[in-house]
Amino acid sequence: MKHVKVFAKKTTRFALAGLGAAFIMSSLTSTGVQGQAQPSSNDSFNLPEDISFIVQPNNPNERRATARVNGSIITGTDVDHRVALILAAQEIAIPPEEVARLRLQVLRNLIDETLQVQEAAALELPVTPEEVNQAYERFAIESRGMSVAELDAYLTSIGSSSRSVKRQIQGELAWNNLLRRNIAPFVNVSEGEVTDLWERLQESRGTTEYRLGEIFLSANPNNRDQVVANANQIIEQLRAGGSFVAYARQFSEASSAVVGGDLGWIRLAQLQQPQLEAAAAQMTPGQLVGPLEIPGGFSILLMIDVRQIGMPDPRDALLSLKQISIAFPAGITEAEAEQRGSEFISAVQSMNGCGDADARAAAIGATTVNNDGIPVRALPEALQGIMLQLNVGQVTPPFGDLTEGIRVLMLCGRDDPTDTSGPSVAAIMEQIEEERINRRAQRYLRDLRRDAVIEYD
C-alpha cells in the first residue's frame with residue numbers, strides 16, 4: 001500500500017449553494033491546489049534542475065481507482081457505478097480520455113464523501129439507514145417520477161446501482177448535519193449590513209444583472225498547459241451538447257460546483273475579475289466562452305440569462321396557449337405533405353381566435369392542446385421573441401417536419417409581469433448566510449482532507 005497525506009484547498013470566490021441535498025451528480029469537487037499562484041518547486045523545496053529518478057515514477061493517471069480512506073474502502077466498482085450515473089446523464093458520447101479524467105474526479109468525490117460520513121460518525125451525528133432510504137424514496141418519486149423498484153431497475157440497466165446513489169445521499173446528509181451543528185450556528189449577519197445591501201440594490205434599480213454559470217480549473221506555472229488542454233476539451237464537449245451542470249459538478253473547483261456552476265444573479269462587478277467582467281459584458285444568453293485566464297487558474301463561462309434589477313421582465317409574462325397540429329401519415333410523399341401543410345396553414349390563418357379554433361381544427365383533421373400559465377422564458381428561445389410580439393388570437397409561424405407533422409401556437413391570453421422591488425431583506429440575509437456557511441464549509445473539508453490517511457492500491 002502507498003500511504004498518502006492529502007493536502008488540498010478549495011476555492012471560495014463564489015459560495016451560493018444552500019444546505020439542501022441534491023442527490024445525483026452533486027458531490028463537492030476536491031482536486032488541486034488553487035487560489036493564489038503557487039511558488040515554483042525550487043522556491044519551496046530547493047530541487048535540482050536536472051532530476052534523475054532512482055525508481056521509475058508511477059503514472060498517477062494509470063493508478064487503479066481503489067483506495068482506503070482512514071481504513072474505509074473505496075472499490076473500483078464504487079467508481080464504476082458513479083461514473084455510469086454521469087455518463088447516463090450525457091446527451092453525447094464521451095471520449096475515452098474524458099472518461100479516464102472523469103474516473104479520477106469521481107474517486108476524489110468519493111474520498112470527500114467518505115471523509116464527511118466519518119466526521120459525522122465521530123461527532124455522533126451519523127445518518128441512519130432509515131434516513132437514507134426515505135431520501136432515496138423521495139428522490140425516486142419527486143425527481144424521477146418512479147417507484148423505488150423502478151429506479152432500482154433503471155440504475156441497474158445503466159450499469160450503476162441503488163447503493164451508489166444511497167452512498168452519495170448518505171454523504172450529503174452527513175455533511176448537512178455537520179454544517180448545521182458546527183458551522184451555521186456560528187455565522188452571524190448583522191441587520192445593518194443587510195439593510196445597507198438592500199438600500200444599494202434599490203439604488204441600482206434598472207441596471208443589468210447577469211445569471212452566469214462557471215467552471216473553474218485551478219492552474220499553476222507547472223501544469224498550466226495541461227489545464228488549458230483540459231479546459232478546451234471540456235468546452236468542445238459542451239458545444240457538442242454536453243451538460244454544463246454535469247461538467248461543472250464533476251470538474252469545477254469552485255464552491256459553486258455543488259449547484260452545477262450556477263453563480264446566481266450577480267452584477268459584473270461582483271465577479272471581481274476584469275477578464276471575466278469584460279467577457280460577460282459581451283455575452284448573450286446561451287453563449288459559452290473560455291477558457292479565460294484569471295489569477296489562480298482558468299474559467300469557462302456560460303451566460304444563462306440577463307435581466308434588469310427591479311424591473312419587470314417581459315419573459316416572465318404568463319401565457320395561455322393553444323397548440324394546433326396536424327400529423328402526416330406514414331409513407332406520405334413530399335408533394336402530398338406540402339399540399340396538406342398549405343391547407344393546414346390556410347385554415348389556421350382563417351380562424352377567429354381561440355374560441356373558434358377547436359371546431360375549425362377538428363374539421364380539417366387537426367388536434368388542439370391547451371396550456372395555461374406557461375412563462376415566456378419556459379418556451380424555446382426561438383419562440384420567445386415571436387410570442388412577445390403576438391396579440392391574442394394570433395398564431396406563430398408553422399414549424400415541424402414530415403416526421404412530426406406541422407404545428408402552430410395560438411396566443412389565447414397573457415398576464416404581463418408586475419413591477420418588482422427586488423429581493424426582500426430576509427432573502428438578502430439568507431443569501432449572505434449561505435455564502436458564509438459555504439466559505440467555512442470549504443475550509444472544514446480542506447482540514448478533513450489534510451488530516452486524512454489515504455492508501456492507494
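The values are calculated or read from the model by the stated rules, or taken from the named source; none is laboratory data. No experiment lies behind these values; they were computed from the predicted model shown. Every residue, glycine among them, receives a Cβ derived from its backbone with ideal geometry; neighbour counts consider all protein chains shown. Protein only, heavy atoms only, side chains kept; ligands, DNA and RNA dropped before computing areas. Shrake-Rupley method; radii C 1.70, N 1.55, O 1.52, S 1.80 Å.
Laid out as a table, the results:
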{"read-out": "Among residues of region 252-268, those that are assigned to a helix (DSSP H, G or I) and open to solvent by less than 20 Å² (accessible area, probe 1.4 Å), counted", "value": "3"}
{"read-out": "Single unsatisfied condition, THR367 versus (1) of a type in the set (S, T, N, Q); (2) over 30 Å from ARG211 (Cα atoms); (3) in contact with a helix residue (DSSP H, G or I) (Cβ under 8 Å, 6 or more places away or on another chain); (4) at pLDDT below 85", "value": "(4)"}
{"read-out": "Residue that is modelled with the lowest pLDDT [pool: residues in region 293-350 that are over 30 Å from ALA219 (Cα atoms) and of a type in the set (Asp, Glu)]", "value": "ASP313"}
{"read-out": "Single unsatisfied condition, ALA337 versus (1) touching a residue at least 40 places away in the same chain (Cβ under 8 Å); (2) within 19 Å of LEU390 (Cβ to Cβ); (3) aliphatic (A, V, I, L, M)", "value": "(2)"}
{"read-out": "Segments classed as helices (runs of 4 or more DSSP H), wholly inside region 354-457, with at least 2 members that are acidic (Asp, Glu)", "value": "354-363, 425-451"}
{"read-out": "Scan of region 317-349 for residues that are open to solvent by 70 Å² or more (accessible area, probe 1.4 Å), aliphatic (A, V, I, L, M) and assigned to a loop (DSSP other than H, G, I, E, B), ordered by number", "value": "ALA330"}
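Results for (1) in a helix (DSSP H, G or I); (2) within 16 Å of GLY213 (Cα to Cα); (3) of a type in the set (D, E, K, R); (4) open to solvent by 40 Å² or more (accessible area, probe 1.4 Å), shown as yes or no for each residue.
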| site | (1), (2), (3), (4) |
| --- | --- |
| GLN275 | yes, yes, no, yes |
| ALA280 | yes, yes, no, no |
| THR284 | no, yes, no, yes |
| VAL289 | no, yes, no, no |
| LEU292 | no, yes, no, no |
| SER299 | no, yes, no, no |
| LEU302 | no, yes, no, no |
| ARG307 | no, yes, yes, yes |
| ARG315 | yes, no, yes, yes |
